[in-house]
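A.B. asks: Right, I'll just put the structure down here and ask away after.
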Amino acid sequence: MTDRTMRLAAAATVWVAVAACGGGSHAGDSGMGDAPGGAGGTTGGSGGTPTGGSGGSTPCPEAQPQDGADCRGSEGTVCEYEPNVRCSCPVVTDDVPVWSCEESEPDQCNADTDCRLWSDCCGCLILEPGEQADPCLENCITDRCAELGVSEQDVSCNVGHCGIVSTCNVEEVTCEALAPDCGADELPSVVNGCWGPCVHAMSFCVSSGT
C-alpha cells in the first residue's frame, strides 16, 4: 500500500468516528428534549384541579354573618346558627357571592326524648327539636310549668310534633291569666283550669269545645 493510500484510509477512519460521535450526540439531545416535554405535561395536569370546590369545606364564621355580606372564599358553604337560622354562600361565576340567611323550620320529633319542656316567668313551653325559647325579660323565680303541674314526663311526641295530651276547651278555663299566643295549627292547652303550653291541635287536643 502506498503512502498516499494509507493517508486516505486513515482520514476516512477519522471521519467515520467523528460522524458516529456526532450522531450519538444528536440522539442524546433528542432524548433529553423529550423528557422536559413530558414534565411539562405533568405540570399542566395539576393545574386542572378546581379551586372553587374547596369552598364547601371552609369553616363557618363563628358569628352569624349579615344577610347580603360578601362571602368570597366560602362558596358552597351552608352554616347553621341558633336560634334556627341557616346561612348559605352560593357558587356564582358572574357576580360577587353574598351570604343568604333565613330562619329554618324546627326539625320534627321522632321520639318523646326529642322534646323539651321550657319554663320561665313568661310561660310554660314545649319545644320541638332545634327550637329555642325567646328570652324572657321578666325578673322572677316563678316556674310556670310547676305551677300548672306539667312535668317532662307529660311531654310526648305525636306525629312529628311535641306536646302534652290535654283538653283545649276554653270553657274549662277558670283562671284570670291571658291565653298564650300560639302559632299556626296550634291551640293553648288547658291544664288544671288554666292556660297551659301551646300544642298542635290535631295531635294533642282531646277536646276543643267545638
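No value in this document is a laboratory result; all are computed from the given coordinates. Note that the structure is predicted; figures quoted are calculated from it, not measured. Glycine also receives a Cβ, built like all others from the backbone with ideal geometry; neighbour counts cover every protein chain displayed.
A.B. asks: Would you mind calculating the gained length between residue 63 and residue 81 on full extension (0.36 nm times residue separation, minus the Cα-Cα distance), in nm to one decimal? Intermediate results must be reported in sequence, preceding the final value.
C.D. replies: Numbers: separation 18, 0.36 × 18 = 6.48 nm, distance 0.83 nm.
Full extension of this stretch gives 5.6 nm more.
A.B. asks: Please work out how much length the chain gains when fully extended from residue 121 to residue 133, using 0.36 nm per residue of separation minus the C-alpha to C-alpha distance, in nm with one decimal.
C.D. replies: Values: separation 12, 0.36 × 12 = 4.32 nm, distance 1.21 nm.
The residue 121-residue 133 span can extend by a further 3.1 nm.
A.B. asks: With the contact rule set at Cα under 8 Å and sequence spacing of 6 or more, what percent relative contact order holds for region 67-210? Write down the numbers at each step before the final one.
C.D. replies: Working: 298 pairs, mean separation 24.9, N = 144.
Relative CO of region 67-210 lands at 17 percent.
A.B. asks: Where Lys and Arg each count +1 and Asp and Glu each count -1, what net charge lies around residue 96 among other residues with Cβ under 11 Å from its Cβ?
C.D. replies: Values: positive: 72; negative: 70, 75, 94, 95.
Net charge around residue 96: -3.
A.B. asks: Output the peptides 67-76, 133-142 sorted from most to least packed, where packing is the average of other Cβ atoms within 10 Å over each peptide's residues. All intermediate terms of the calculation are to be shown ahead of the outcome.
C.D. replies: Details: 67-76: 15.3, 133-142: 9.5.
Ranking the peptides 67-76, 133-142 by packing returns 67-76, 133-142.
A.B. asks: By count of other Cβ within 10 Å, fewest leading, how are 102, 186 ordered? Don't jump to the answer; show the numbers that get you there.
C.D. replies: Values: 102 10, 186 21.
Starting with the residue having the fewest Cβ neighbours, the order is 102, 186.
A.B. asks: Please say if region 112-207 is rounded, prolate or oblate, where rounded means a/c under 1.5 for a ≥ b ≥ c the square roots of the C-alpha gyration tensor eigenvalues, and otherwise the choice is prolate for a/b larger than b/c and oblate otherwise?
C.D. replies: Details: a/c = 1.57, a/b = 1.07, b/c = 1.47.
In terms of gyration-tensor shape, oblate.
A.B. asks: Here is a follow-up. What dipole magnitude, in Debye to the nearest 20, does region 125-169 give about its Cα centre under +1 on Lys/Arg Cβ and -1 on Asp/Glu Cβ?
C.D. replies: Numbers: 1 positive and 8 negative charges, 23 e Å.
With only Lys, Arg, Asp and Glu charged at Cβ, the dipole is about 120 debye.
A.B. asks: Mind giving me the nanometre distance, one decimal, between the label points for residue 141 and residue 72, set 7 Å out from Cα along Cα→Cβ?
C.D. replies: If labels sit at residue 141 and residue 72, their model points lie 5.7 nm apart.
A.B. asks: Find out how many positive minus negative residues lie around residue 125, taking Lys and Arg as positive, Asp and Glu as negative, among other residues whose Cβ is under 11 Å from that of residue 125.
C.D. replies: -2
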